[in-house]
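S.K.: Let me begin by handing over the structure; questions about it come next.
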Amino acid sequence: MPQVPRIALVVAAILAVLLVVPVAYVLLPAGRAAVAQQTAASHLPSTNGTTAVDPPQAAAIPGVEAKTHLRYRAGSCEAGTACLTVASETMGKDAAAVVFSTASSAARQCVGYVYRRDGRWHFLDAVCGLPDELSPLVAHDATVHVPGNCANVRDGASLAARVVACLNDGTTVHVDAGPTYADSRLWWHEPQGWIAHDFLTG
């Protein structure tokens with residue numbers, strides 16, 4: 001039998017490794033899980049133009065999907081199909097408000113509120129409505145909702161901060177900053193100070 005040159009054997013061995021390792025990686029359970037996770041991450045939006053997952057949006061998407069029963073789509077929706085796409089995002093201190101378009105004929109939008117605790121982002125809640133009705137959001141009006149009582153306005157985003165005012169139920173405020181997460185709640189700023197998210201509606 002003719003002798004095979006040693007270089008040919010080395011090249012064949014390298015090619016075998018290059019072909020076998022990726023196939024084994026995909027076929028083994030751990031490899032399949034990693035591929036699935038990478039594929040899921042690639043469908044999440046990024047605001048900086050890279051393929052990195054944006055944690056606030058990643059936390060908001062499943063919560064808003066559950067509320068609306070619509071699926072999130074990166075980019076744009078198919079013609080004639082309602083789905084969720086990211087319209088904007090407001091980042092605060094350990095909190096964010098992610099606004100989604102529903103691509104519906106009524107032009108409704110939804111905002112998902114998320115907060116960061118222990119290094120992870122968590123979904124708080126979501127509200128939907130026409131773009132001008134979404135609130136609380138920065139640069140939007142909101143209504144104080146505390147039936148039969150008033151909501152404390154504080155000089156800081158904390159339950160320990162000094163109370164500077166108490167706004168009656170039904171009072172309209174203009175949100176000019178936020179959101180901030182502190183003392184297990186979201187806070188928004190209006191001209192007099194900080195008010196808890198729970199007391200504000202659109």
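S.K.: May I ask you to verify whether residue 129 is at pLDDT below 95, surrounded by fewer than 18 Cβ atoms within 10 Å (Cβ to Cβ) and out of contact with any helix residue (DSSP H, G or I) (no Cβ under 8 Å at 6 or more places or on another chain)?
M.R.: Taking the combined requirement at face value, the residue satisfies it.
S.K.: I need the strands (runs of 3 or more DSSP E) fully contained in region 65-117, keeping only those with at least 2 residues that are exposed (fewer than 14 other Cβ atoms within 10 Å of the Cβ).
M.R.: 85-91
S.K.: How about region 183-196: which of its residues are farther than 18 Å from residue 132 by Cα, touching a Phe, Trp or Tyr at 6+ places or on another chain (Cβ under 9 Å) and either open to solvent by less than 10 Å² (accessible area, probe 1.4 Å) or among the aliphatic types (A, V, I, L, M) (or both)?
M.R.: 186, 187, 195, 196
S.K.: Let me ask you something else. For region 141-155, name all the residues that are surrounded by fewer than 18 Cβ atoms within 10 Å (Cβ to Cβ) and either in contact (Cβ under 8 Å) with a residue 24 or more places away in the chain or acidic (Asp, Glu) (or both).
M.R.: Within region 141-155, 141, 143, 145, 155 qualify.
S.K.: Hey, another quick one. Here's a check for you: in region 166-177, which residue that is closer than 10 Å to residue 195 by Cα and more than 29 Å from the chain's Cα centre (by Cα) is least open to solvent (accessible area, probe 1.4 Å)?
M.R.: 167
The values are calculated or read from the model by the stated rules, or taken from the named source; none is laboratory data. Keep in mind the model is a prediction, meaning the values are calculated, not measured. Note that each Cβ is placed from the backbone with ideal geometry, even for glycine, and that neighbours are counted across all protein chains shown. To get the accessible areas, we keep the full protein, side chains included, count just its heavy atoms, and leave off ligands, DNA and RNA. Shrake-Rupley method; radii C 1.70, N 1.55, O 1.52, S 1.80 Å.
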